[in-house]
2 protein chains.
Amino acid sequence: VLGLKQSPRCTVRPRRMVVVRAEGQTINSEIRKNEEKVVDAVVITELSKPLTAYCRCWRSGTFPLCDGSHVKHNKATGDNVGPLLLKKQ
Amino acid sequence: VLGLKQSPRCTVRPRRMVVVRAEGQTINSEIRKNEEKVVDAVVITELSKPLTAYCRCWRSGTFPLCDGSHVKHNKATGDNVGPLLLKKQ
Ligand code: FES
Ligand code: FES
């Protein structure tokens, strides 16, 4: 009698659909994540320099001030964000 | 002669690894995308109200001002971003 070989076991795992929505992403992954909402107040009479840049990219090492990190973020992602400039006049 | 059946064809598609990095995402998907970098300047002597909130979530309908849209963004994503408040004193 001819010994029939078993056919090799074939397991195809189901494919998962991965949906990535940019809108569903957090903006801030690092800064003061222990706070429920990161709000900063600037008393404008206390500003000393004629021009102060405040971060809106959430990547600054000196947040809430801008340290130029938006440049790296924009380059890496194709984004176009930048700071808010406070001018004394 | 015994006719041997061919074993069924088994095609296992290679799995792709999907890596999602929050860092690689844009922050701003809507506002002034025609500008290379969205920078706004505020001349602080021209602020009329005692308190003005400036958007840092890039979701405001009145950007660069905050219109409260950060609340919806935070709820939808689990984020914790909020505005910069400019106070007259
Ligand atoms: S470092 Fe964030 S806007 Fe410049
Ligand atoms: S709407 Fe953007 S910080 Fe409030």
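The values are calculated or read from the model by the stated rules, or taken from the named source; none is laboratory data. Please read all numbers here as calculations on a predicted model, not as lab measurements. Every residue, glycine as well, gets a Cβ built from its backbone with ideal geometry; the counts of neighbours run over all protein chains shown. Quick note on the areas: whole protein, heavy atoms, side chains included, nothing else; ligands and nucleic acids left out. Shrake-Rupley method; radii C 1.70, N 1.55, O 1.52, S 1.80 Å.
Summary of values
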| quantity | calculated |
| --- | --- |
| Solvent-accessible area buried by pairing A with B, both sides, nearest 100 square angstrom, 1.4 angstrom probe | 4700 |
| For the stretch A:56-67, Karplus couplings with θ = phi - 60° (6.51, -1.76, 1.60), whole Hz, Gly/Pro x | 10, 9, 6, 10, 6, x, 10, 3, x, 6, 7, 10 |
| Electrostatic dipole magnitude of the stretch B:19-68 [Cβ: Lys, Arg +1; Asp, Glu -1; Cα centre; debye, to 20] | 120 |
| Which of A:Val12, B:Val39 is most accessible, then next, and so on - probe 1.4 Å | A:Val12, B:Val39 |
| Amide H contacts under 5 Å for B:Phe63, placed H, 5+ residues apart | none |
| Spacing of the two label points (7 Å from each Cα toward its C-beta) at A:Arg16 and A:Ala76, in nm | 2.4 |
| A:Lys37/A:Gln89 FRET efficiency (R0 35 Å; Cβ-Cβ; nearest 0.05) | 0.65 |
